[in-house]
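Undergrad: Got a structure here, written out as structure tokens. Questions coming.
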Amino acid sequence: MALSIYLPIYLSTDRVYTVYTHIPMNIEFILSQTDGRPMYQQIMEEVVRRVSLKDWPPGTRVPSIRELAVALKVSVITVKRAYLELERMGVIVTQQGKGSWVSEGLQVTNLQHKELQRQIERLLQLAATMGLCTDELIYQIEQHTNKESGAENK
Amino acid sequence: MSVANPSIVKQLVIKDLKIMKVPAICYWVSGLLSITLVSIVGEPAGTIGFILFVSALFGVGVHAAMQTVTEEKQQQVLPFIMSLPITIRQYTSAKLIGNLILVGGIWATLTAASYVVFIGELLPTGAIPFVTIIWVGILLAYIVILATTLMARTITPAIVAMVGANLVTQALLWWVSTLHGIRSVIGGNVAVWNNTALTVLSLQVASIVLLVAMTYFVQSKKTDFV
Amino acid sequence: MNAIECTNISKSYPHFQLNEVNLVLPRGQVMGFVGPNGAGKSTTLRVIMGLIQADSGKVDVLGHAMPEEQIAAKWNIGFVSEDMRLHPGRTLAFHINFMRSIFPNWDDAYATDLIKRFELLPQQKIKGLSHGQRVKASLLLVFARRPQLLVFDEPTTGLDPVARKEILHEMMQVMRDESRSILFSSHNTLDVEQISDHIVFIKKGEIIARNDKESFLDGWRRLRLVVPDGYQLPNLQGVHEIQHLGHQILLTSNNYTPALAEKIKATGACIRDIERLSLEEIFIATVQ
């Protein structure tokens, strides 16, 4: 993706995006069809991951819905839905007819916090289906942390 | 984008001519060779040349109709052709024009050559009207085959038309040869275009025109074009 | 403007009939047409192409009435069907020349690129090609025309995974342009699920379900319930199917909302799991 394609877009917006000339070069996402989660969630997670890893820092122009759909070979409506949810989460901002950017004021730690919350929820759900009570779950987690710190100490 | 359709009909005709190029040349050459055979050996071995000549005339028609029309239907090429910006009417035109250029061209040149070789050598000048009736009869038989293959959805009517047109043409030509108006002048030294000969010829030409018109009519009534 | 608008199209054959089919495909979108064999997918697509005239109803494609204005419409439609063939005794190069002679916007560079990527040999006769190569050759002849609307009947049927991926890739490339649209039929629900914006189910000549894909997939859930002895599940809205397995109930909903889960919880059942369904599962549940 050449920078020159985006330059006019940056210049035409009233906000000065030229400060952030970081453009996502790699929009190759790996989506899984066997993953139980729907496509739009997988796309959201990948975007959130890239934003939290600062591969896509605030102000980065994210690929247009159509660009990403073509690149991922996924329907436009699916990417559109992912972007709508990302916008609601405050991860990206969209300007009608201009495109979407990673939110300027985005607190990446917030995002990571939210992701942690989600993972915990999933863990709790799994524990519930296994019939594990919270104490047992905490015990298991402690066992794990001990094992990891033990490995580091060696 | 403008509706530049005559050019598509032209391209369809060119495509069919390309597809038929090699077989057409073969028929044309074998037609010419059989005439040459007649002119070299004369009677009675020349009769074989005459039969070969008629076979070449008949063969090119059958081959062209089968290859350009029936094969497209049998091999499911028709949906590809009909997905192009043409109507069934233009498809019909393209097939008729292509076939008539190809088969008509071969028919015209070979029959023209036949007059030069046969008349005087094998046949008396008086036979010219009857020979003309035979050549037009073969053309008519070909039009029957072409029209049937175009109108038919399956291969069966096309085969029936091929066999039938061959047999019926021979029977009709034999019957024409027994007519007094033909029989009485056939051995003469001048070509006599009497009422009998002219009536038969006009009936043949009228049948050709009618068949072409009928093909367009039947095609335009179709609701499934593939 | 819509790419395709079918209003109440019907067509009768001795052993089959298409019954009041309605379809709308907005421009810039992909519609996946799913149905069992003999459901009327091909007939519908052929009516849309103007290759078959419906007994009744209205067909409008790219703003042109079909089949009356088929010439104007077909300039901008690319059609490929699984059972369609090219001239068997001719080469791909022959067909490319033929298409180039007809379509002024034929894109030679794109055609050359596709030949390379599809691994086709222009000088090979069509009759020597494998099924996959034949489909790719037909698709190439359509893609390189860059038509506004693509109508594909079972384009990926019988193809290996690599070929399928290449074709889906090429179909999605088309969607880069917001004015171009695709209607394709398939019984490969994975393909349909992946690239369609709209999904339509057809069965025995009738459309039995349609929606945009996200709503379609979102509406269906399978709930695994664990229930106490002698439990009776009350009648609930949006329940498609119920399977009893001892103390477990598998409940399939075709109109799922969190409210349904709340209602079920209130009856004393415990929800162990709420799963989404794949398009294939939805298709089978709908068709059966």
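The values are calculated or read from the model by the stated rules, or taken from the named source; none is laboratory data. Keep in mind it's a predicted model, so treat the numbers as computed, not measured. Don't worry about glycine lacking a Cβ; one is built from the backbone with ideal geometry, like all the others, and counts go over all protein chains shown. Quick note on the areas: whole protein, heavy atoms, side chains included, nothing else; ligands and nucleic acids left out. Shrake-Rupley method; radii C 1.70, N 1.55, O 1.52, S 1.80 Å.
Undergrad: Answer yes or no as to whether B:R153 is open to solvent by 30 Å² or more (accessible area, probe 1.4 Å) and within 14 Å of chain C (Cβ to nearest Cβ).
TA: Numbers: open to solvent by 30 Å² or more (accessible area, probe 1.4 Å): yes; within 14 Å of chain C (Cβ to nearest Cβ): yes.
It is true that B:R153 is open to solvent by 30 Å² or more (accessible area, probe 1.4 Å) and within 14 Å of chain C (Cβ to nearest Cβ).
Undergrad: Follow-up question, since we're still on this one. Inside region B:33-49, can you point out the residues that are surrounded by fewer than 18 Cβ atoms within 10 Å (Cβ to Cβ) and either of a type outside the set (D, E, K, R) or assigned to a helix (DSSP H, G or I) (or both)?
TA: The initial filter retains those residues of region B:33-49 that are surrounded by fewer than 18 Cβ atoms within 10 Å (Cβ to Cβ), namely B:33, B:36, B:39-45, B:47-48.
Within region B:33-49, B:L33, B:T36, B:S39, B:I40, B:V41, B:G42, B:P44, B:A45, B:T47, B:I48 meet the criteria.
Undergrad: Do any helices (runs of 4 or more DSSP H) lying entirely in region C:137-250 carry at least 2 residues that are within 30 Å of A:Q125 (Cα to Cα), and which ones are they?
TA: Values: elements: C:161-174, C:189-195, C:213-219.
The helices (runs of 4 or more DSSP H) meeting that bar are C:189-195, C:213-219.
Undergrad: Within region A:85-106, identify whether any single residue is charged (D, E, K, R), open to solvent by less than 80 Å² (accessible area, probe 1.4 Å) and out of contact with any helix residue (DSSP H, G or I) (no Cβ under 9 Å at 6 or more places or on another chain), and answer yes or no.
TA: Yes, region A:85-106 contains at least one residue that is charged (D, E, K, R), open to solvent by less than 80 Å² (accessible area, probe 1.4 Å) and out of contact with any helix residue (DSSP H, G or I) (no Cβ under 9 Å at 6 or more places or on another chain).
Undergrad: Got a number for residues in region C:210-239 being within 24 Å of C:S186 (Cα to Cα) and open to solvent by 50 Å² or more (accessible area, probe 1.4 Å)?
TA: To start, the set of residues in region C:210-239 that are within 24 Å of C:S186 (Cα to Cα) comprises C:210-221.
Of the ones still in play, those that are also open to solvent by 50 Å² or more (accessible area, probe 1.4 Å) are C:210-211, C:215.
Total meeting the criteria: 3.
Undergrad: Determine whether region C:107-126 contains at least one residue that is buried (at least 24 other Cβ atoms within 10 Å of the Cβ), touching a strand residue (DSSP E or B) at 6+ places or on another chain (Cβ under 9 Å) and in a helix (DSSP H, G or I). Quick ask: steps written out before the conclusion?
TA: To start, the set of residues in region C:107-126 that are buried (at least 24 other Cβ atoms within 10 Å of the Cβ) comprises none.
The answer is no, given that none of the residues of region C:107-126 is buried (at least 24 other Cβ atoms within 10 Å of the Cβ), touching a strand residue (DSSP E or B) at 6+ places or on another chain (Cβ under 9 Å) and in a helix (DSSP H, G or I).
Undergrad: Check region C:24-32 and report whether any residue there is basic (K, R), over 28 Å from C:K125 (Cβ atoms) and crowded, with 18+ Cβ neighbours inside 10 Å.
TA: Going through region C:24-32, the residues basic (K, R) turn out to be C:27.
The next check asks that each one be over 28 Å from C:K125 (Cβ atoms); those that pass are C:27.
Checking the rest, the ones that are also crowded, with 18+ Cβ neighbours inside 10 Å come to none.
No, the conditions are met nowhere in region C:24-32.
Undergrad: Can you confirm whether C:A39 is within 12 Å of another protein chain (Cβ to nearest Cβ), touching a Lys or Arg at 6+ places or on another chain (Cβ under 7 Å) and surrounded by 15 or more Cβ atoms within 10 Å (Cβ to Cβ)? If you could, list the steps in order and put the result at the bottom.
TA: On the way: within 12 Å of another protein chain (Cβ to nearest Cβ): no; touching a Lys or Arg at 6+ places or on another chain (Cβ under 7 Å): yes; surrounded by 15 or more Cβ atoms within 10 Å (Cβ to Cβ): yes.
Spelling it out, it is not the case that C:A39 is within 12 Å of another protein chain (Cβ to nearest Cβ), touching a Lys or Arg at 6+ places or on another chain (Cβ under 7 Å) and surrounded by 15 or more Cβ atoms within 10 Å (Cβ to Cβ).
Undergrad: Just one of C:F152, C:F103 is of a type in the set (A, V, I, L, M, F, W, C), under 18 Å from the mean Cα position of the chain (by Cα) and surrounded by 15 or more Cβ atoms within 10 Å (Cβ to Cβ); which is it?
TA: Only one candidate qualifies: C:F152.
Undergrad: Whether any residue in region A:124-136 is away from chain C (no Cβ under 14 Å), farther than 24 Å from A:E45 by Cβ, surrounded by 14 or more Cβ atoms within 10 Å (Cβ to Cβ) and charged (D, E, K, R) is what I want to check. Talk me through it step by step, then tell me what you get.
TA: So in region A:124-136, the residues away from chain C (no Cβ under 14 Å) come out as A:133-136.
This time we only want the ones that are farther than 24 Å from A:E45 by Cβ, so: A:133-136.
Cutting the leftovers down to surrounded by 14 or more Cβ atoms within 10 Å (Cβ to Cβ) gives us none.
No - not one qualifying residue is present in region A:124-136.
Undergrad: For residues in region B:194-207 being farther than 14 Å from B:T132 by Cβ and at pLDDT 95 or above, which is surrounded by the fewest Cβ atoms within 10 Å (Cβ to Cβ)?
TA: Filtering region B:194-207 for residues farther than 14 Å from B:T132 by Cβ gives B:195, B:206-207.
Those still in the list that are at pLDDT 95 or above too: B:206-207.
Working: B:A206: 11, B:S207: 15.
Per the stated criteria, the residue is B:A206.
Undergrad: Restricting to region B:74-94, name every residue that is open to solvent by 10 Å² or more (accessible area, probe 1.4 Å) and under 15 Å from B:L12 (Cα atoms). If you could, list the steps in order and put the result at the bottom.
TA: Within region B:74-94, the first condition is being open to solvent by 10 Å² or more (accessible area, probe 1.4 Å), and the residues that meet it are B:74-76, B:78, B:87-90, B:93.
Those that are open to solvent by 10 Å² or more (accessible area, probe 1.4 Å) and under 15 Å from B:L12 (Cα atoms): B:L78, B:T87, B:I88, B:R89, B:Q90, B:S93.
Undergrad: Out of region C:127-136, which residues are open to solvent by less than 40 Å² (accessible area, probe 1.4 Å) and not in a helix (DSSP H, G or I)?
TA: The first filter runs over region C:127-136 and keeps only residues open to solvent by less than 40 Å² (accessible area, probe 1.4 Å), leaving C:129, C:132, C:135-136.
Within region C:127-136, C:L129 is the sole residue that qualifies.
Undergrad: Anything in region B:194-226 that is farther than 30 Å from C:A54 by Cα and over 24 Å from the mean Cα position of the chain (by Cα)? List them, or say none. Please lay out each step first, then the result.
TA: Within region B:194-226, the first condition is being farther than 30 Å from C:A54 by Cα, and the residues that meet it are B:194-209.
Matches in region B:194-226: B:N194, B:N195.
Undergrad: Looking only at region B:163-193, filter to residues that are in contact (Cβ under 8 Å) with a residue 60 or more places away in the chain and over 20 Å from the mean Cα position of the chain (by Cα); which one of those is most open to solvent (accessible area, probe 1.4 Å)?
TA: Residues of region B:163-193 in contact (Cβ under 8 Å) with a residue 60 or more places away in the chain: B:166, B:186-193.
This time we only want the ones that are over 20 Å from the mean Cα position of the chain (by Cα), so: B:186-193.
Details: B:I186: 58, B:G187: 57, B:G188: 27, B:N189: 133, B:V190: 97, B:A191: 39, B:V192: 53, B:W193: 112 Å².
Looking at the filtered set, the residue picked out is B:N189.
Undergrad: How do the pairs read when you match residues in region C:180-200 that are more than 12 Å from chain A (Cβ to nearest Cβ) and over 15 Å from C:N37 (Cα atoms) with residues anywhere that are at pLDDT 95 or above and not in a strand (DSSP E or B), using Cβ under 9 Å and keeping only pairs 6 or more apart or on different chains?
TA: Partner pairs satisfying both residue conditions: C:L183/C:L45; C:L183/C:I48.
Undergrad: Are any residues in region B:47-106 polar (S, T, N, Q), over 24 Å from C:L45 (Cβ atoms) and away from every other protein chain (no Cβ under 14 Å), and if so, which ones?
TA: Within region B:47-106, B:T47, B:S55, B:N99 meet the criteria.
Undergrad: Where residues in region C:6-23 are open to solvent by 70 Å² or more (accessible area, probe 1.4 Å) and touching a residue at least 40 places away in the same chain (Cβ under 8 Å), which of them is farthest from C:S42 (Cα to Cα)?
TA: C:E20
Undergrad: How many residues does region A:57-82 hold that are away from chain C (no Cβ under 12 Å) and either open to solvent by less than 10 Å² (accessible area, probe 1.4 Å) or not in a loop (DSSP other than H, G, I, E, B) (or both)?
TA: Kept after step one, since they are away from chain C (no Cβ under 12 Å), are these residues of region A:57-82: A:57-62.
So of that shortlist, the ones also either open to solvent by less than 10 Å² (accessible area, probe 1.4 Å) or not in a loop (DSSP other than H, G, I, E, B) (or both) come out as A:59-62.
Selection size over region A:57-82: 4.
Undergrad: Continuing with this model, one more query. Looking only at strands (runs of 3 or more DSSP E) that fall completely inside region C:44-87, which ones have 1 or more residues that are more than 7 Å from every other protein chain (Cβ to nearest Cβ) and surrounded by fewer than 19 Cβ atoms within 10 Å (Cβ to Cβ)? Break it down stepwise before answering.
TA: On the way: elements: C:56-61, C:64-66, C:77-81.
Answer list for region C:44-87: C:56-61, C:64-66.
Undergrad: Looking only at region B:199-223, filter to residues that are out of contact with any helix residue (DSSP H, G or I) (no Cβ under 8 Å at 6 or more places or on another chain) and either in contact (Cβ under 8 Å) with a residue 40 or more places away in the chain or more than 24 Å from B:L172 (Cβ to Cβ) (or both); which one of those is nearest to the other protein chains (Cβ to nearest Cβ)?
TA: Initially, region B:199-223 is screened for residues out of contact with any helix residue (DSSP H, G or I) (no Cβ under 8 Å at 6 or more places or on another chain), giving B:199, B:202-203, B:206, B:209-210, B:213, B:217, B:221, B:223.
From what's left, either in contact (Cβ under 8 Å) with a residue 40 or more places away in the chain or more than 24 Å from B:L172 (Cβ to Cβ) (or both): B:217, B:221, B:223.
On the way: B:F217: 16, B:K221: 10, B:T223: 4 Å.
Checked region B:199-223; the qualifying residue nearest to the other protein chains (Cβ to nearest Cβ) is B:T223.
Undergrad: Would you mind stating whether C:I207 is open to solvent by less than 20 Å² (accessible area, probe 1.4 Å), more than 14 Å from chain A (Cβ to nearest Cβ) and touching a strand residue (DSSP E or B) at 6+ places or on another chain (Cβ under 8 Å)?
TA: Numbers: open to solvent by less than 20 Å² (accessible area, probe 1.4 Å): no; more than 14 Å from chain A (Cβ to nearest Cβ): yes; touching a strand residue (DSSP E or B) at 6+ places or on another chain (Cβ under 8 Å): yes.
So C:I207 does not fit the description; no.
Undergrad: Right, next: Quick check on my filter: what residues within region C:257-274 are open to solvent by less than 40 Å² (accessible area, probe 1.4 Å), within 33 Å of the chain's Cα centre (by Cα) and either within 14 Å of chain A (Cβ to nearest Cβ) or not hydrophobic (A, V, I, L, M, F, W, C) (or both)? Don't jump to the end; show me each part of the working.
TA: Filtering region C:257-274 down to residues open to solvent by less than 40 Å² (accessible area, probe 1.4 Å) leaves C:260-261, C:264, C:269, C:271.
Still in the list and also within 33 Å of the chain's Cα centre (by Cα): C:260-261.
Correct list: C:A261 only.
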